[in-house]
Amino acid sequence: MDVLSLIGIIMAFVAIIGGNYLEGGHLGALANGPAALIVLGGTIGAALLQSPMSAFKRAIQTVGWIFFPPQIDMAGGINRVVNWSLTARKEGLLGLEGMADAEPDSYSRKGLQLLVDGVEPEAIRSVLEVDYMTQEARDIEAAKVFECMGGYAPTIGIIGAVMGLIHVMGNLADPTQLGSGIAVAFVATIYGVASANLVLLPMASKLKAIALRQSLYREMLLEGILSIAEGENPRAIELKLQGFTG
């Protein structure tokens, strides 16, 4: 579990709610169903209008990465590549066939199978680059769904506030209701700005960072597989790949 994400989101909301309490406010003042409906519904609706369905589905699939990101063990990946190179040096490329069949990672399995099939290094690069670059683009596009939601939410919050003020202006005959009515109207603005800056935009940035980290890991595997195809020394391969851990 990503402890920083959990601490961050708890700290953010504790700071907002705690600050409101210290200023003499109460939790009930921040609870407003219609404002939440306007901001949440409007933001999701705008995101659906902007995003392709494939990106929206991928965004839903990756939202769990905020707290449970994919495990990316760069050092462990380097060790695996070195083991592959040692096997290839001792038994030839055909000796990797059993390792390819047992490999749980589909990207690594594809690379090993290309080695076993005797594919030229440039062809291997072409195939595996398309694979990891396509996956990276798909995950970045999914992260942009939350980024666009973070852009729309504050504006939709203002729309909610204006709608609330219109309702307040319709009750000018009762001055006792004006203060509370205006306060409730601006809750929508709080929802929009807070959801964007405390949740949606940070989520988008974290998902992009995870996608780029995964892409870097696959690029490291690609360089290792190409080095094996070119018959490089296992020790030289290890030293080369250690540059990815910097």
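Quick notes on this structure:
- Restricting Gly170, Gly98, Gly118 to those that are surrounded by fewer than 19 Cβ atoms within 10 Å (Cβ to Cβ) and at positive phi reduces the list to Gly118.
- Test: Thr43 is free of Cβ contacts under 8 Å to residues at least 40 places away in the same chain and of a type in the set (Ser, Thr, Tyr): no
- Of all residue pairs spaced 6 or more apart or on separate chains, those with beta-carbon atoms under 6 Å, a first member in the range 1-23 that is closer than 30 Å to Pro70 by Cβ and a second member that is part of a helix (DSSP H, G or I) are Ser5/Ile66; Ala12/Leu198.
- Scanning the range 73-112 for residues that are among the β-branched types (Val, Ile, Thr) and either modelled with pLDDT under 90 or more than 22 Å from Val127 (Cα to Cα) (or both) yields a single hit, Thr87.
- Gly41 passes every criterion in (1) within 27 Å of Val184 (Cβ to Cβ); (2) surrounded by 14 or more Cβ atoms within 10 Å (Cβ to Cβ) apart from (2).
Rundown of residues vs (1) assigned to a helix (DSSP H, G or I); (2) crowded, with 18+ Cβ neighbours inside 10 Å; (3) on the phi < 0 side of the Ramachandran plot, yes/no style:
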residue: Ile72; (1), (2), (3): no, no, yes
residue: Leu86; (1), (2), (3): yes, no, yes
residue: Ile124; (1), (2), (3): yes, yes, yes
residue: Ala143; (1), (2), (3): yes, yes, yes
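- Residue count, the range 4-62 (criterion: part of a loop (DSSP other than H, G, I, E, B), modelled with pLDDT of 85 or more and under 18 Å from Val199 (Cβ atoms)): 1
- Yes/no for Ala137 being surrounded by fewer than 19 Cβ atoms within 10 Å (Cβ to Cβ), small (Gly, Ala, Ser) and assigned to a helix (DSSP H, G or I): yes
- Asp131 meets the conditions (1) under 30 Å from Ile225 (Cα atoms); (2) free of Cβ contacts under 8 Å to residues at least 12 places away in the same chain in every case but one. The failed one is (2).
- Qualifying position, being of a type in the set (A, V, I, L, M), under 24 Å from Val14 (Cα atoms), buried (at least 21 other Cβ atoms within 10 Å of the Cβ) and touching a residue at least 60 places away in the same chain (Cβ under 8 Å), among Ala183, Ala204: Ala204
- Each residue in the range 101-115 was checked for being surrounded by 15 or more Cβ atoms within 10 Å (Cβ to Cβ) and either on the phi > 0 side of the Ramachandran plot or of a type in the set (A, V, I, L, M, F, W, C) (or both), and 3 of them qualify.
Here's the yes/no breakdown for (1) part of a helix (DSSP H, G or I); (2) out of contact with any Ser or Thr (no Cβ under 8 Å at 6 or more places or on another chain); (3) at pLDDT below 95; (4) not aliphatic (A, V, I, L, M):
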residue	(1), (2), (3), (4)
Ala183	yes, yes, yes, no
Tyr191	yes, yes, yes, yes
Ala196	yes, yes, no, no
Pro202	yes, yes, no, yes
Ser205	yes, yes, no, yes
Lys208	yes, yes, no, yes
Leu222	yes, yes, no, no
Lys240	yes, no, yes, yes
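The values are calculated or read from the model by the stated rules, or taken from the named source; none is laboratory data. Computed from a predicted model, the values in this text were never measured in an experiment. Methodologically, a virtual Cβ is constructed for each residue, glycine included, from the backbone with ideal geometry; neighbour enumeration extends over all protein chains shown.
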